[in-house]
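Asks: A single structure is presented below for examination.
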Amino acid sequence: MITERHAYNRLKSLHPGFWHRVENSAGVGTPDVFHCHRGECAWIENKVGHLRRDGTVICRKMRKAQFSWLTGFTAAGGRGIIHVYFGLNEAPH
């Protein structure tokens with residue numbers, strides 16, 4: 001089964017820079033990952049997605065606190081990303 005850890009490892013392998021996984025104890029709604037490269041920084045919320053045969057995307061529910069955190073952060077000029085990882089055609093690391 002593909003997990004958010006697989007999503008993090010895949011992002012880290014494809015994009016250089018400073019990466020830091022954040023534990024849930026950091027605060028309610030705080031995204032999973034912080035990334036910075038060449039002065040461009042972002043908070044990233046990882047979700048694992050599944051593609052149904054009819055083309056519908058299914059992923060773990062985004063909690064209200066996560067959405068509120070990212071909304072407030074981006075409204076203040078920060079960069080927030082919701083990364084939905086499918087792991088198509090690759091085995092888990």
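Asks: Would you mention how many residues in segment 58-71 are over 13 Å from the mean Cα position of the chain (by Cα) and open to solvent by less than 80 Å² (accessible area, probe 1.4 Å)?
Replies: Count: 5.
Asks: Scan segment 23-32 residue by residue and report those that are in a loop (DSSP other than H, G, I, E, B) and open to solvent by 80 Å² or more (accessible area, probe 1.4 Å). Spell out how you get there, then give the answer.
Replies: First, the residues of segment 23-32 that are in a loop (DSSP other than H, G, I, E, B): 23, 27-32.
Answer for segment 23-32, where residues must be in a loop (DSSP other than H, G, I, E, B) and open to solvent by 80 Å² or more (accessible area, probe 1.4 Å): Glu23, Val28.
Asks: Going through segment 1-17 one residue at a time, which ones are of a type in the set (A, V, I, L, M, F, W, C) and open to solvent by 80 Å² or more (accessible area, probe 1.4 Å)?
Replies: Residues satisfying the conditions are Met1, Leu14.
Asks: Could you tell me which of the residues His35, His20 is modelled with pLDDT of 85 or more, more than 13 Å from Phe86 (Cβ to Cβ), open to solvent by 70 Å² or more (accessible area, probe 1.4 Å) and part of a strand (DSSP E or B)?
Replies: His20
Asks: While we're looking at this one, here's another question. Can you find even one residue in segment 73-81 that is at pLDDT 90 or above, open to solvent by 50 Å² or more (accessible area, probe 1.4 Å) and within 11 Å of the chain's Cα centre (by Cα)?
Replies: Within segment 73-81, one or more residues are at pLDDT 90 or above, open to solvent by 50 Å² or more (accessible area, probe 1.4 Å) and within 11 Å of the chain's Cα centre (by Cα).
Asks: Mind checking which residues of segment 38-66 are in a loop (DSSP other than H, G, I, E, B) and more than 17 Å from Leu14 (Cα to Cα)? Before the answer, list the steps.
Replies: Residues of segment 38-66 in a loop (DSSP other than H, G, I, E, B): 38-39, 52-56, 60-63.
Hits for segment 38-66 are Gly39, Arg52, Arg53, Asp54, Gly55, Thr56, Arg60, Lys61, Met62, Arg63.
Asks: Here's a follow-up. Any idea how many residues of segment 38-53 are modelled with pLDDT under 85 and of a type in the set (A, V, I, L, M)?
Replies: Within segment 38-53, residues that are modelled with pLDDT under 85 and of a type in the set (A, V, I, L, M) number 1.
Asks: Identify, please: which residue in segment 38-57 is open to solvent by less than 20 Å² (accessible area, probe 1.4 Å) and not β-branched (Val, Ile, Thr) and is, among those, farthest from Ile2 (Cα to Cα)?
Replies: Checked segment 38-57; the qualifying residue farthest from Ile2 (Cα to Cα) is Ala42.
The values are calculated or read from the model by the stated rules, or taken from the named source; none is laboratory data. Here the structure is a predicted model, which is why all the values come from computation and not from measurement. We place every Cβ from the backbone using ideal geometry, glycine too, and count neighbours over all the protein chains shown. SASA here: full protein model, heavy atoms, side chains in, ligands and nucleic acids out. Shrake-Rupley method; radii C 1.70, N 1.55, O 1.52, S 1.80 Å.
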